[in-house]
1. GLU161 - would you say it is surrounded by fewer than 18 Cβ atoms within 10 Å (Cβ to Cβ) and under 23 Å from ARG72 (Cα atoms)?
2. If I ask for residues that are among the aliphatic types (A, V, I, L, M) and more than 11 Å from ALA76 (Cβ to Cβ), which ones from region 38-47 would you list?
3. Might you check whether a residue that is outside any loop (DSSP other than H, G, I, E, B), open to solvent by 50 Å² or more (accessible area, probe 1.4 Å) and at pLDDT 90 or above occurs anywhere in region 6-26?
4. Counting just the residues of region 173-213 that are at pLDDT 95 or above and open to solvent by 70 Å² or more (accessible area, probe 1.4 Å), which one comes out farthest from GLY134 (Cα to Cα)?
5. PRO99: touching a Leu at 6+ places or on another chain (Cβ under 9 Å) and more than 17 Å from GLU64 (Cα to Cα), yes or no?
6. Look through region 92-118, keep the residues that are hydrophobic (A, V, I, L, M, F, W, C) and open to solvent by less than 10 Å² (accessible area, probe 1.4 Å), and return whichever of them is farthest from SER32 (Cα to Cα).
7. Looking only at region 19-53, count every residue that is within 25 Å of PHE97 (Cα to Cα), touching a strand residue (DSSP E or B) at 6+ places or on another chain (Cβ under 6 Å) and touching a residue at least 40 places away in the same chain (Cβ under 8 Å) and tell me the total.
8. Take residues that are more than 19 Å from SER44 (Cβ to Cβ) and tell me which of the strands (runs of 3 or more DSSP E) falling wholly in region 127-204 contain 3 or more.
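The values are calculated or read from the model by the stated rules, or taken from the named source; none is laboratory data. Just so you know, these numbers come straight off a predicted model, no measurement behind them. All Cβ positions, even for glycine, are placed from backbone atoms using ideal geometry, and neighbour counts span all protein chains on display. Heads up: the accessible areas ignore ligands, DNA and RNA and are worked out on the full protein's heavy atoms, side chains in. Shrake-Rupley method; radii C 1.70, N 1.55, O 1.52, S 1.80 Å.
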Amino acid sequence: FPSHDTSQAPLSIGAQWSAVTTPTHPTVSGGSLNNRMSRTRLTSAATANSSTGIRTGRPAILREAGFFMYMRVAFATVLSDMQILLGAANDGNALSFNPSSMNSVLGIGKDSDDANFQIMSRAGTGATTKFDIGYAPTTGDVLDVCLYCPPASESVFVRLENKTTETVIVNDAEVTATLPGSTQALNIQLAARTVQAAAVTLDVGHVYVDTEV
């Protein structure tokens, strides 16, 4: 990923991706790191409660197998109350409510009432653990997100780096609370959703996922 064929959903080796809205591919140009990034752009409708993004059509990771996930993303349009998930959940549908309410969610996300990104983890439909990392989504910032879980581990490690400012925001934070079950398979999600009647835009540069088996 990304594919540069605008007639198709994103393509990859090893996983089938579904795009919520029609992908576009801005021409690489100068002026900023985001402009220079070869990227797939996903834009929501300019109406309330509209989703965009990509997701795997079937579950792709689970803690029992172990996994490493790397995503490079940017937001070309940011709204203060937008919802975001960069990670995985036990859900193969488009984002349709706050990501912390999704079943077995894991990753970096933002609910509509969050000012900053949160590390989110939830076991099934139980309580969700959220940790405020002190960084708010910012238009044009290119972000590297990494999630790593050793096989059958009781810990998942999260890293977030702002490549535009060369700042490490989260340096391998260990997440142990309310993790999805070890055998719970999860769909990968890079998703954004509006609350107000205005469009949001997610740029995806890279997605790489590997498992230990």
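1. no
2. Our first condition is that a residue be among the aliphatic types (A, V, I, L, M); within region 38-47, this holds for 42, 45-46.
Answer for region 38-47, where residues must be among the aliphatic types (A, V, I, L, M) and more than 11 Å from ALA76 (Cβ to Cβ): ALA45, ALA46.
3. In the first step, residues of region 6-26 are kept if they are outside any loop (DSSP other than H, G, I, E, B); the result is 17-19, 24.
Filter once more, so that each one left must be open to solvent by 50 Å² or more (accessible area, probe 1.4 Å): 24.
Now drop any that are not at pLDDT 90 or above, which leaves 24.
Scanning region 6-26 turns up at least one residue that is outside any loop (DSSP other than H, G, I, E, B), open to solvent by 50 Å² or more (accessible area, probe 1.4 Å) and at pLDDT 90 or above.
4. THR183
5. Numbers: touching a Leu at 6+ places or on another chain (Cβ under 9 Å): yes; more than 17 Å from GLU64 (Cα to Cα): yes.
So PRO99 fits the description; yes.
6. Taking region 92-118 as the starting set, the residues that turn out to be hydrophobic (A, V, I, L, M, F, W, C) are 94-95, 97, 102, 105-106, 108, 115, 117.
The next check asks that each one be open to solvent by less than 10 Å² (accessible area, probe 1.4 Å); those that pass are 95, 102, 105-106, 108, 117.
Working: LEU95: 29, MET102: 34, VAL105: 32, LEU106: 30, ILE108: 24, PHE117: 23 Å.
Here the answer is MET102.
7. So in region 19-53, the residues within 25 Å of PHE97 (Cα to Cα) come out as 19-24, 40-53.
This time we only want the ones that are touching a strand residue (DSSP E or B) at 6+ places or on another chain (Cβ under 6 Å), so: 19-21, 23-24, 40-44, 51-53.
Checking which are touching a residue at least 40 places away in the same chain (Cβ under 8 Å) leaves us with 20, 40-44, 51-53.
Qualifying residue count for the region: 9.
8. Numbers: elements: 128-132, 142-149, 156-162, 167-175, 187-193.
Output list reads 128-132, 142-149, 156-162, 167-175.
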